[in-house]
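First, the structure itself, so that you have it in front of you.
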Amino acid sequence: MDLKPENILLTSIDKPILKIADFGVAQYIGRRGSTSIRGTLLYMAPEILSSLPYDNRVDLWSVGVILY
């Protein structure tokens, strides 16, 4: 997934609901993980940038970068 501020939407101001948009680079990651490089450079986890195997935890890295 390409998690970045541009892909996070709020539905309204009164009762905001967070929605994630743009699944264009999303992929299924099996038990072995993945090594393909996809996403936006500034929000990528170190494992992706180093071409190491990674799993869905790299999305938490992206969330942390966004919150920072």
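For the structure I just gave you, tell me whether Gly24 is surrounded by 14 or more Cβ atoms within 10 Å (Cβ to Cβ), at pLDDT below 85 and small (Gly, Ala, Ser). Walk me through it before giving the result.
Numbers: surrounded by 14 or more Cβ atoms within 10 Å (Cβ to Cβ): no; at pLDDT below 85: yes; small (Gly, Ala, Ser): yes.
Judged against the criteria, Gly24 is not a match.
Would you be able to tell me the number of residues in region 38-68 that are part of a loop (DSSP other than H, G, I, E, B), exposed (fewer than 13 other Cβ atoms within 10 Å of the Cβ) and either within 12 Å of the chain's Cα centre (by Cα) or modelled with pLDDT under 65 (or both)?
Applying the first criterion (part of a loop (DSSP other than H, G, I, E, B)) to region 38-68 yields 38-40, 44-45, 50-53, 55-57, 68.
Add one more test, that the residue is exposed (fewer than 13 other Cβ atoms within 10 Å of the Cβ), and what stays is 50-53, 56-57, 68.
This time we only want the ones that are either within 12 Å of the chain's Cα centre (by Cα) or modelled with pLDDT under 65 (or both), so: 56-57.
Qualifying residue count, region 38-68: 2.
Of the residues that sit in region 1-21 and are surrounded by 10 or more Cβ atoms within 10 Å (Cβ to Cβ) and among the polar types (S, T, N, Q), which one is modelled with the highest pLDDT?
Taking the candidates together, the pick is Thr11.
The values are calculated or read from the model by the stated rules, or taken from the named source; none is laboratory data. These numbers were taken from a predicted model, which means no experiment stands behind them. Cβ sites come from the backbone with ideal geometry, for glycine too, and all protein chains shown count toward neighbours.
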